[in-house]
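Here is the structure we will look at, set down as structure tokens.
The values are calculated or read from the model by the stated rules, or taken from the named source; none is laboratory data. This is a predicted model, so every value here is computed, not measured. Note that we place each Cβ from the backbone using ideal geometry, even for glycine, and neighbour counts take in every protein chain shown. Only protein heavy atoms, including side chains, enter the accessible area calculation; ligands, DNA and RNA are left aside. Shrake-Rupley method; radii C 1.70, N 1.55, O 1.52, S 1.80 Å.
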Amino acid sequence: TFRLNYNGAGADELTIDSAGDMGLGVTPNNVGSMRTLHIKGPSSEGAAIRLQADGDTADSHDFQIYKNASAAYLRVNGTDPLRFYLNGAERALIDSSGRLLINTDTSRIVEDHVGNGPQGKIQIEATNSDAIMSIISAGTADANRCGTISLGRHRNSTVGGTPTIVQDGDALGAVMFSAGDGTDMRTAGAKIHAEVDGTPGSNDMPGALVFSTTPDGSSTPGSGNEALRIDSRKSFQFSNGFMNE
């Protein structure tokens with residue numbers, strides 16, 4: 001075992017044991033039978049590994065792996081993306097705006113259901129039907145447990161804040177069906193969205209489902225292109241009138 005003690009006083013700062021494990025500020029304790037670099041900080045502030053390229057300013061472009069008393073972190077300072085490689089190819093990245101891009105470097109602008117053009121926080125792009133997301137429930141708790149997509153909305157503009165009550169007519173969630181038009185992916189052919197259909201209250205959320213399609217020569221399935229509405233009374237409203245349940 002090799003030990004390095006700063007100024008010959010206090011605890012050992014660097015230890016390399018007979019198995020080849022290295023400890024900084026601690027006697028190394030390996031992970032299984034793997035070679036291990038074990039770092040322990042002097043206080044609850046924890047310990048870190050910092051990686052820096054030549055010419056980078058330490059506090060603006062370095063990559064850090066660190067652990068303190070409350071959490072573990074991967075941190076990229078500056079605007080560099082965090083890239084993930086498997087089997088010699090890039091599989092995903094997180095860009096400087098916090099967008100997760102899977103199998104692509106391009107964060108596309110897409111339309112929400114009223115024509116705004118945000119760049120999504122998660123994007124998957126692949127060839128053919130490889131561009132698919134699978135959500136599968138495995139359980140026997142009861143017959144109704146299944147893979148689920150939950151779309152929602154509240155009126156508090158603070159992320160993670162108390163969900164302020166919505167209002168009659170507020171959109172609650174939407175599914176857009178868009179396609180390449182030769183320039184971008186911002187042209188929608190159809191959409192389905194849900195909206196509040198009445199006065200909401202605690203544990204009381206009347207809702208409607210609205211189906212819209214885009215006619216030839218138009219650019220969006222807007223409100224004027226609503227094809228079918230199922231309202232909170234379970235009535236069907238077609239573009240040419242009502243048909244009750």
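For segment 33-47, the Karplus equation 6.51 cos²θ - 1.76 cosθ + 1.60, evaluated at θ = phi - 60°, returns couplings of 9, 7, 5, 10, 9, 10, 10, 10, x, x, 8, 5, 5, x, 9 Hz by residue, with Gly and Pro reported as x. Computed from the Cβ-Cβ distance with R0 of 51 Å, the FRET efficiency linking A171 to T1 stands at 0.20.
Computed extension length for N156-L14: 46.0 nm, one decimal, from 0.36 nm per residue of separation with the Cα-Cα distance subtracted.
Protein heavy-atom surface of the chain, 1.4 angstrom probe: 52% of the accessible area is carbon and sulfur, with nucleic acids and ligands not counted.
When nucleic acids and ligands are ignored and a 1.4 Å probe is applied, D130 ends up with an accessible area of around 110 Å².
Output the peptides 168-174, 145-151 sorted from most to least packed, where packing is the average of other Cβ atoms within 10 Å over each peptide's residues.
Working: 168-174: 14.6, 145-151: 8.6.
Result, highest mean first: 168-174, 145-151.
Nearest 20 debye, what's the magnitude of the dipole of segment 41-99 about its Cα centre given +1 on Lys and Arg Cβ and -1 on Asp and Glu Cβ?
On the way: 6 positive and 8 negative charges, 63 e Å.
With only Lys, Arg, Asp and Glu charged at Cβ, the dipole is about 300 debye.
Ordering G78, P28, N68 by the projection of their Cα atoms onto the charge dipole of the chain, which places +1 on the Cβ of Lys and Arg and -1 on the Cβ of Asp and Glu, puts P28 at the extreme positive end. Taking Cα centre as origin and charging only the Cβ of basic (Lys, Arg, +1) and acidic (Asp, Glu, -1) residues, the dipole magnitude of segment 132-245 rounds to 200 debye.
With 0.36 nm allotted per residue and the present C-alpha distance subtracted, the I122-Y85 stretch has 11.6 nm of extension available.
Within a straight-line Cα-Cα reach of under 25 Å, K191 can be paired with the following lysines, leaving aside sequence neighbours fewer than 8 residues apart in one chain: K121, K234. Assuming charge only on the beta carbon of Lys and Arg (+1) and of Asp and Glu (-1), the dipole of the chain about its Cα centre is about 460 debye to the nearest 20.
Sites listed here are trypsin sites (Lys or Arg not before Pro) in segment 46-132 whose DSSP assignment is loop and whose Cβ has at most 13 other Cβ atoms within 10 Å: K121. A simple rule links phi to the HN-Hα coupling: the Karplus curve 6.51 cos²θ - 1.76 cosθ + 1.60 with θ = phi - 60°, which for segment 64-70 gives 10, 10, 8, 9, 10, 5, 10 Hz, with x for Gly and Pro. With both labels modelled 7 Å from their Cα along Cα-to-Cβ, the A190 to D56 distance reads 4.8 nm. Considering only T213, G147, T199, and ranking their Cα positions along the charge dipole of the chain that arises from unit charges at the beta-carbon of Lys, Arg, Asp and Glu, the one farthest toward the positive end is G147.
Could you tell me which label, among [x] 27.1, 90; [y] 21.1, 58; [z] 21.6, 78, carries the value of Rg and Dmax of the Cα atoms in Å calculated for this structure? The listed entry that was calculated here is [x].
Averaged per residue, what accessible surface does the chain expose to a 1.4 Å probe, in Å²? Walk me through the numbers before you get to the answer.
Working: 17040 Å² over 245 residues.
About 70 Å² of surface per residue is accessible.
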